[in-house]
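Student: Sharing a structure, written as structure tokens. Questions coming.
The values are calculated or read from the model by the stated rules, or taken from the named source; none is laboratory data. Quantities reported herein were computed from a predicted structural model and do not represent experimental measurements. For neighbour counting, all protein chains shown are included, and Cβ atoms are generated from backbone atoms with ideal geometry for every residue, glycine included.
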Amino acid sequence: MLGIIIALISGALMSIQGVFNTGVTKQTGNWIVNSFVQFTGFLVCIVVWFFKERQQTGFADLFRIDHKYMLLGGVIGAFITLTVIVSMKNLGPARAALLIVVSQVAVAYLIELFGWFEVERAAFEWRKLLGMLTAVAGIVLFQWQ
């Protein structure tokens, strides 16, 4: 149950952040907003780490990660922020969020199916494909005028 609540909070925060970031870009630019978002997020993370985890783990632990490509999360995060801003600016928050979520689910399912990035491989299930197609139908219905 906690996982569901956290996921719902995450989705809500992502939508709110996207709207805020898009609003700030109207007076600045995409990359300056992206830089500010990443920098302020970095500061929050450093402060929380200092008080919560510094005794258990340190930055040197990053150099011991088995698969170095997994350290690209920050780079990917910068492009996530940019693409959310641009999609919300062009489509509006609801349409953009709907497409983003369906894309997330589709890619996550492919990652599970093929066992990419050290994720445990999952068997194909028709009901999951049907769920995905239902989500795509929801996009079509949502766009219909």
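Student: So, residue 58, is that one free of Cβ contacts under 8 Å to residues at least 24 places away in the same chain and surrounded by 12 or more Cβ atoms within 10 Å (Cβ to Cβ) or not?
Tutor: No.
Student: Pick from 73, 115: which is within 20 Å of the chain's Cα centre (by Cα), free of Cβ contacts under 8 Å to residues at least 40 places away in the same chain and within 20 Å of residue 38 (Cα to Cα)?
Tutor: Result: 73 is the single residue among 73, 115 that is within 20 Å of the chain's Cα centre (by Cα), free of Cβ contacts under 8 Å to residues at least 40 places away in the same chain and within 20 Å of residue 38 (Cα to Cα).
Student: Still on this structure, please answer the following. Out of everything in the range 13-46 that is buried (at least 17 other Cβ atoms within 10 Å of the Cβ) and hydroxyl-bearing (Ser, Thr, Tyr), what residue ends up being farthest from residue 94 (Cα to Cα)?
Tutor: Out of the qualifying residues, it is 25.
Student: Of all residues in the range 1-12, count the ones that are of a type outside the set (A, V, I, L, M) and more than 16 Å from residue 95 (Cα to Cα).
Tutor: 2
Student: Next up: Kindly indicate whether residue 23 is more than 30 Å from residue 116 (Cβ to Cβ), small (Gly, Ala, Ser), at pLDDT below 95 and not assigned by TED's automatic domain parsing to the domain that holds residue 97.
Tutor: Judged against the criteria, residue 23 is a match.
Student: Residue 97 is checked against (1) of a type in the set (A, V, I, L, M, F, W, C); (2) over 25 Å from residue 36 (Cβ atoms); (3) not assigned by TED's automatic domain parsing to the domain that holds residue 14 and fails just one. What number does that condition carry?
Tutor: Every listed condition holds for residue 97 apart from (2).
Student: Taking only the range 8-30 into account, find how many residues are free of Cβ contacts under 8 Å to residues at least 12 places away in the same chain and in a helix (DSSP H, G or I).
Tutor: Matching residues across the range 8-30 total 8.
Student: Among the residues of the range 100-145, write down those that are among the charged types (D, E, K, R), part of a loop (DSSP other than H, G, I, E, B) and surrounded by 10 or more Cβ atoms within 10 Å (Cβ to Cβ).
Tutor: 121, 125 - these are the residues of the range 100-145 that are among the charged types (D, E, K, R), part of a loop (DSSP other than H, G, I, E, B) and surrounded by 10 or more Cβ atoms within 10 Å (Cβ to Cβ).
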